[in-house]
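Throughout, read-outs are computed from the coordinates displayed, never taken from laboratory work. Bear in mind that the values here come from a model prediction, so they are computed numbers and not experimental data. Cβ placement follows ideal geometry from the backbone for every residue including glycine, while neighbour counts extend to all protein chains displayed.
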Ligand code: COA
């Protein structure tokens with residue numbers, strides 16, 4: 001029998017530095033009311049350049065996940081790290097996490113699928129466990145977005161949305177029939193790659209980075225907010241329905257939907273369209289902003305700690321973001 005995989009421990013770490021909307025009001029022409037109304041965000045965490053790296057935030061989230069799984073770091077036999085904000089241009093931060101955790105020479109894979117990166121990573125780990133190749137996989141989503149934000153008036157549409165943090169899960173084989181990760185569903189549409197992206201530095205140019213690129217804001221995140229919003233509300237619903245149909249389940253069966261924390265308005269719209277009551281969706285974007293690949297594991301970790309994820313619950317994860325990419329996972333906990 002092909003084994004399924006299950007999540008046996010979840011953890012998270014967010015930098016100590018809390019940046020409120022009122023703090024942003026002092027830096028740019030914005031208001032708490034505008035940010036709350038358009039995004040639901042009240043505060044986010046920004047990293048400390050003296051102490052925080054993507055790799056060490058990932059390691060801190062990992063230690064919490066390991067403790068909750070009852071495992072030690074040496075038990076991990078493979079690492080998957082989802083981030084679009086690696087510490088270096090290369091190598092990826094997966095190897096830095098392996099070094100940070102003091103692990104033997106196990107494989108470390110980096111995934112760059114932005115907001116969908118954590119579910120893509122979960123899906124890859126699921127396949128490795130089903131084939132029997134690995135038994136204790138560490139899957140992490142971690143981002144330092146704040147260092148790419150333009151905190152002046154010019155960057156206000158993007159910079160009020162994003163935050164920093166890390167979340168981690170431990171995945172292991174599940175002996176129960178019909179439980180664990182039931183299915184994962186992955187999609188992309190590269191026609192919209194430039195609607196949400198950072199252009200520079202890039203390899204397909206004569207010089208990877210020069211003053212012009214910096215002056216023209218190529219190193220800042222560019223977002224067509226309206227376009228992202230319109231696609232997100234459709235794709236979230238589609239990919240959740242796809243997951244339910246693949247398992248012959250109805251939306252009423254969902255015990256908790258944990259959407260990627262893109263924007264509270266997007267999550268509220270999806271909740272309304274699916275007819276889910278408030279206790280069947282988990283949102284923490286108010287406290288952390290959009291932490292890209294880290295948002296789902298941070299939310300899962302908090303939801304679990306609050307007792308909102310229990311054995312045999314049906315948990316649905318869904319994400320949409322840059323690429324565009326979108327994805328879902330259905331889990332019988
Ligand atoms: N504070 C105050 N005003 C701001 C602002 C800010 N931080 N950012 C933009 N504005 C202004 C604009 O300049 C514009 O002013 P104008 O009417 O004088 O031209 C006005 O607010 C409306 O701007 P607009 O861009 O049309 O706002 P919007 O209603 O589309 O909201 C987003 C902008 C980004 C909040 C919205 O498009 C959105 O939620 N998009 C999805 C983003 C997302 O989820 N991204 C993550 C995907 S993973």
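Worth pointing out:
- Beta bridge orientation in the chain: antiparallel %, DSSP, nearest 5: 70
- Bridge type composition, segment 1-132 - antiparallel percent by DSSP, nearest 5: 40
- Separation of alpha-carbon centers, segment 38-64 and segment 5-34, rounded to whole Å: 9
- Mean-position separation - Cα centroids, segment 291-333 and segment 91-124, in angstrom: 18
- When you count the other C-beta atoms within 10 angstrom of each residue and take the mean per peptide, 247-254, 167-174 line up highest first as 167-174, 247-254.
- Pairs of alpha carbons in the chain whose separation is greater than 32 Å (percent): 24
- Our summary gives segment 175-301 a relative contact order of 21 percent, counting only alpha carbon pairs under 8 angstrom and 6 or more residues apart.
- Scoring 86-92, 318-324, 238-244 by mean Cβ neighbours within 10 Å over their residues and listing the highest first yields 318-324, 238-244, 86-92.
- Virtual paramagnetic centre 7 Å along Cα→Cβ of residue 27, amide N under 17 Å, in segment 273-304: 287-292
- Of the peptides 197-210, 18-31, 139-152, 44-57, the ranking by mean beta-carbon count within 10 Å, highest at the top, reads 139-152, 44-57, 18-31, 197-210.
- Our summary gives segment 4-174 a relative contact order of 36 percent, counting only alpha carbon pairs under 8 angstrom and 6 or more residues apart.
- With only Cα atoms counted, segment 180-332 has Rg and Dmax values of 17.4, 55 Å.
- Helix-derived mean residue ellipticity, 222 nm - over the chain, DSSP H n ≥ 4, -39500 (n - 2.57), to 500: -9500 deg cm²/dmol
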